[in-house]
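Peer 1: Structure in structure tokens, see below.
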Amino acid sequence: MTPVINEMQTAARLVRLSALNETDFRTEIIAGSGCHYNRADNTAVFGVWAPGKKIILNLAGRDYVMQFSGDFSVLVMENVTPGMLYYYSFPEKNFIPDIYSYYQPQGVQGASMVIDQDAYPWQTQKNGRQIPVSITKLHIGTATPAGTFKALQAELLTNKDFTVTDALEFLPLGCFPGRFGWGYDGGPNFISSVSENYGTPDELKALVDTARARGIKVGFDMQLNHYGPEGIWQEYYYPDYLARVSTEWGRKPNFADKFVRQFLLGKLKEFCLLYQPDYLRLDMSSRYGDDGFIQEICALLPDVSVILEDERETVPEAALAQWSFPAVHILQELRAGRRHNLQKFLEQILPDKRKVIFADSHDEQGNNLAAPLHDRFTPALTALTAGIAMHWYAFGYFHFFCDYQDDRQLVSVTAEKCGALRHYPDTLWPRMTGLQAYFRQYGQAQEFFAFLHALWHKEREKAQEWINNNPQLPAICRAYNQTIFALANIANQTVPPDYPDFIYTLKKLRKENNWMYGADIYYNTDNERKILHVSSVNRETKKTVRLNCALDGSADVQISEE
């Protein structure tokens, strides 16, 4: 049946909206913004907070003029079924997704979907405020070969790795640009929507339900401090949504604006009501620029624990805990054989009950090529903490990956991230910029992601076959692939805690115009020769420079045309 407007319910809703006062705004953001489907009568309320805008709703291919009152536009529609697609037309632009939507099946640039949020039959109940003791952090897209909520739910039932953890924490789950990525580039763009790359809203609920049934707490990593490079529709709704200043990673929400602040708080609360996490980890909360916002989040969510990522050493009183940056840096030093801060770690950091202690995370592995991969000594130290111990769940080296539509955005975002990572001695970002552009040029971005998947899940023959079957790729890419394959083969080696000969170094060649570079590193922990192999290629002339350098000082330079 064709959707039709329910004039009476629409009029009644407009009367209520016209009497809305400021204190009710947060409630109305939750109850009135987005698409709220009622399964009892197959109606749906479409609400948009966009002051002064004349808006047209396109539902299932037909246009309907929305009614306007008190800065809200609203329509109550009959004959609506879950799965219908919709979008809005504003005076400035004809196709705009719903930033309040629960699901974006076509991604950040596509139409929104009507979702029945009452369809999932919860089997467990959230039992008040839970405090994690130990955390296993993972990325949904790489934790299983399929990279979905459903696949991880099945793993929880069979994988013994998850029987010893107290809590699972997921990298951001919101809708983000492209087919794969870390998730942080989604941010507050679609704060209530889960990524279509991982599954549906009901599949996320089933994953949380299964974890809770097994006695495992669930934490969500929430990135609220900046907007990603694609899918920023907020300024069409309200011109002051975005601040005039940016973070290192992109433009930030205008936390100083009371309406923006209430919108973020309201939708964050709704997200927690829908998916029932036990705790939230607020990504780089120091970039909010206002500790009052953290206090408001904690007050708004009394049954949800809040963990902060913050460079400052003092933990705001309202939060449960925060990540310890000094701890991870000391543990990285220990891996490299430097023990001068070990006493500080044992005497000052381990006893702190309000710190999350970890040896690895997505940042340590993905941003810092100079860091050793894995060992058993430093994770064992984290388990001694009086606070919260965290373990990073990844096989091999966890590389940065993304899938932006525009390579210029990739280069721009990468440059910004490099600027933010100066405290790392070497960084993977410049190499990944050129490599991802190459793979997109050859139409193989998805294949490269599949290749990394094969390595992460120890499918070595499949990964080697991928390398062998792609001779058309530029030499630098093949060298890079061989490097990653070599690293993956040693990723699970057990390294003695004293690291007598442990060396893992990247020497970077200069980058000019069309030149890009990469490196192969071969090493072991014995007294054998360590070899550093570096390749640099000019994308126009195809001229390749190779440098083979033993760490005893000898070197062999080759120049070739390919």
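Peer 1: Could you check the simple spin-label distance between VAL15 and ALA213, using points 7 Å along Cα→Cβ, in nm with one decimal?
Peer 2: 4.6
Peer 1: Right, here's the next one. Could you run the Karplus curve 6.51 cos²θ - 1.76 cosθ + 1.60 with θ = phi - 60° over region 148-153 and give me ³J(HN,Hα) per residue in whole Hz, x for Gly and Pro?
Peer 2: 10, 4, 4, 5, 5, 4
Peer 1: If r is the Cβ-Cβ distance from GLU333 to THR81 and R0 is 56 Å, what FRET efficiency results, to the nearest 0.05?
Peer 2: Working: r = 58 Å, r/R0 = 1.04.
For GLU333 and THR81, the calculated efficiency is 0.45.
Peer 1: Further, regarding this structure: Would you kindly state how much longer the chain becomes between ILE5 and ALA154 on full extension, computed as 0.36 nm times their sequence separation minus their alpha carbon distance, in nm to one decimal? Display every interim value, and only then the final one.
Peer 2: On the way: separation 149, 0.36 × 149 = 53.64 nm, distance 4.22 nm.
So the extension gain works out to 49.4 nm.
Peer 1: Note down the Stokes-Einstein diffusion coefficient of region 163-221 in µm²/s, whole number, using a Kirkwood radius over alpha carbon pairs, 10 °C, and 1.306 mPa s.
Peer 2: Details: Rh = 12.2 Å.
For these conditions, the coefficient is 130 µm²/s.
Peer 1: Taking all pairs of distinct Cα atoms, average 1/r, flip it, and tell me the Kirkwood hydrodynamic radius of region 134-323 in Å to one decimal place.
Peer 2: Working: mean 1/r = 0.0588 Å⁻¹.
The Cα-based Kirkwood calculation yields 17.0 Å.
Where a number appears in this text, it was derived from the coordinates with a stated rule and is not lab data. For clarity, every value in this text was computed on a predicted model and none was experimentally measured. So basically every Cβ, Gly included, is an ideal-geometry build from the backbone, and we count neighbours across all protein chains shown.
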